[in-house]
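**Q** Shown below is the structure under consideration.
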Amino acid sequence: MSILEAKTALDKVITKSRVHFYKPIQIAEILFHHRVNNAPLDDVLSYKNTSKAWRDEVTLKLVGRVSTSSARYQDDLFNANAVPPEALGALAAENKRKHGIVEAYIYQRFSDRFSQMSEALDYCSANTRHDFDILTFIQHFYKQAGLKRSIDKIYEIIVYSLFSVIIESLETKITLSINPKKMGLLEEFSDFATMIMGISVANPVTIMPARIFRIGVTNAADRGLDMIANFGMAIQIKHLSLTEELAENIVTSVMADRIVIVCKEGEKNIILSLLNQIGWKSRIQSIITENDLQTWYQKALRGSYSDILGDTILSRLAEQIQLEFPSTVPDAFNRFLRERGYKPPQDNFWKI
């Protein structure tokens, strides 16, 4: 494979990568270990798993986390439509001949992606509840091609921040109790009831605050559950087009009595139609659209109760963004670049 074809394959992976850059960094670390330690590249099996450990060591330094995607999704990196062994071989030869230029190129692209993210997130911190606009914030991520892959997490954070603050501000309570006629059964399983449900014969009723929780990981196929509530509700964020297969997966993979779907306005009727076709509509409590979110954010930030909700929602939004997209610490990243001897590529072929 020519170096042009190999670079095209690499650029395709970089373009598709989310902001954490797990797959490109894995390629960079394979190239680094091949260049420095003569790590063999003949057999994918000899470095497929080892390279994940190399990648994780670097991503922990740079973004404070490691990939939690399925092994199958991670291994897709070496498929024919990504960076197959022949492409990796061409990149390795170029990288070794030019003293790590491909590694430097990948980390420069990583730095540029994080700069785009920082610019988009600055809108959140630079605006108060009086002028923050949720759709303007979302548009920052649509404008940058490199950030579109992370839009699902942005939607999730937007929904969580609004929902969690309103639920908490309402001081909603959940009461857990048993049928008084079942006291004998409760006594028989008193240790179970105390450990699992927090109730006992002496205190057969417990009251707790209503809460909503982010699950934290959505798999690569975007079928995962995004949020759950301790009052029986599950929330699935859908910003992408929903197929019949994905619609069925939402319902069949979520063991909850009530499912709430958050989607774009233009997707609502399509989703309803698909759910009716496959007979799952009865399990959907509601479908919330981008317009609903805009209305609720407007009320929360500038409505009658904005003094109670506004600042708290923006604070929650900023907090969750920082957790999901931990910024590269400039000192740590610059130190990493110095240790490796990387500089922005000046070779016209690799120059960004």
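The values are calculated or read from the model by the stated rules, or taken from the named source; none is laboratory data. Everything numeric in this text was worked out from a predicted model, so none of it was measured. Cβ atoms come from the backbone with ideal geometry, glycine included; neighbour counts cover every protein chain shown.
**Q** Six or more apart or on different chains, Cβ under 9 Å: which pairs go from a residue in the stretch 1-26 that's more than 16 Å from V58 (Cβ to Cβ) to one that's among the aromatic types (F, W, Y)? Could you list them?
**A** I3/F349; L4/F349; K7/Y105; K7/F349; K7/W350; L10/Y105
**Q** Could I ask something else about it? Give me the residue from the stretch 33-66 that is part of a loop (DSSP other than H, G, I, E, B) and among the polar types (S, T, N, Q) and, out of that set, surrounded by the fewest Cβ atoms within 10 Å (Cβ to Cβ).
**A** N38
**Q** I need every pair where a residue in the stretch 76-96 that is without any contact (Cβ under 8 Å) to a residue 40 or more places away in the chain and under 14 Å from K12 (Cβ atoms) has its Cβ under 8 Å from the Cβ of a residue that is surrounded by 15 or more Cβ atoms within 10 Å (Cβ to Cβ) and among the small types (G, A, S), sequence separation at least 6 or different chains.
**A** D76/A82
**Q** Another one. Among (1) buried (at least 18 other Cβ atoms within 10 Å of the Cβ); (2) under 19 Å from V19 (Cβ atoms); (3) of a type in the set (F, W, Y), which single condition is F132 missing?
**A** Here F132 meets the rest and fails (2).
**Q** Right, something else. Which one of these is at pLDDT 90 or above, part of a loop (DSSP other than H, G, I, E, B) and either over 19 Å from K16 (Cβ atoms) or more than 19 Å from the chain's Cα centre (by Cα) (or both): N95, N81?
**A** Within the list N95, N81, the selection yields N81.
**Q** I've got another one for you. Answer yes or no: is there a residue in the stretch 265-281 that is at pLDDT 70 or above, under 28 Å from D131 (Cβ atoms) and assigned to a helix (DSSP H, G or I).
**A** Yes, the stretch 265-281 contains at least one residue that is at pLDDT 70 or above, under 28 Å from D131 (Cβ atoms) and assigned to a helix (DSSP H, G or I).
**Q** For the stretch 293-352: of the residues being among the aromatic types (F, W, Y) and within 19 Å of R214 (Cβ to Cβ), which is nearest to the chain's Cα centre (by Cα)?
**A** Only one residue fits best here, namely F325.
**Q** Let me ask you something else. With I151, I157 as the choices, which residue is assigned to a helix (DSSP H, G or I), crowded, with 19+ Cβ neighbours inside 10 Å, out of contact with any strand residue (DSSP E or B) (no Cβ under 7 Å at 6 or more places or on another chain) and touching a residue at least 24 places away in the same chain (Cβ under 8 Å)?
**A** After ruling out the rest, the residue left standing is I157.
**Q** Would you call V165 under 29 Å from I134 (Cα atoms), β-branched (V, I, T) and touching a helix residue (DSSP H, G or I) at 6+ places or on another chain (Cβ under 6 Å)?
**A** yes
**Q** Here is a follow-up. Would you say A120 is out of contact with any Cys (no Cβ under 6 Å at 6 or more places or on another chain), farther than 29 Å from H34 by Cβ and crowded, with 21+ Cβ neighbours inside 10 Å?
**A** Taking the combined requirement at face value, the residue satisfies it.
Residue-by-condition table, conditions (1) at pLDDT below 90; (2) assigned to a helix (DSSP H, G or I); (3) under 20 Å from S46 (Cβ atoms):
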| position | (1), (2), (3) |
| --- | --- |
| S69 | yes, no, no |
| R72 | yes, yes, yes |
| L77 | no, yes, yes |
| Q108 | no, yes, no |
| S111 | yes, yes, no |
| A120 | yes, yes, no |
| S125 | yes, yes, no |
| T128 | no, no, no |
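**Q** Just to be sure, is A104 modelled with pLDDT of 90 or more and outside the structural domain of D43 (by TED's automatic domain parsing)?
**A** yes
**Q** Which of the numbered conditions does V165 fail, given that it passes all the others? Conditions: (1) surrounded by fewer than 21 Cβ atoms within 10 Å (Cβ to Cβ); (2) at pLDDT 90 or above; (3) more than 27 Å from F32 (Cα to Cα); (4) out of contact with any strand residue (DSSP E or B) (no Cβ under 7 Å at 6 or more places or on another chain).
**A** All conditions are met except number (1).
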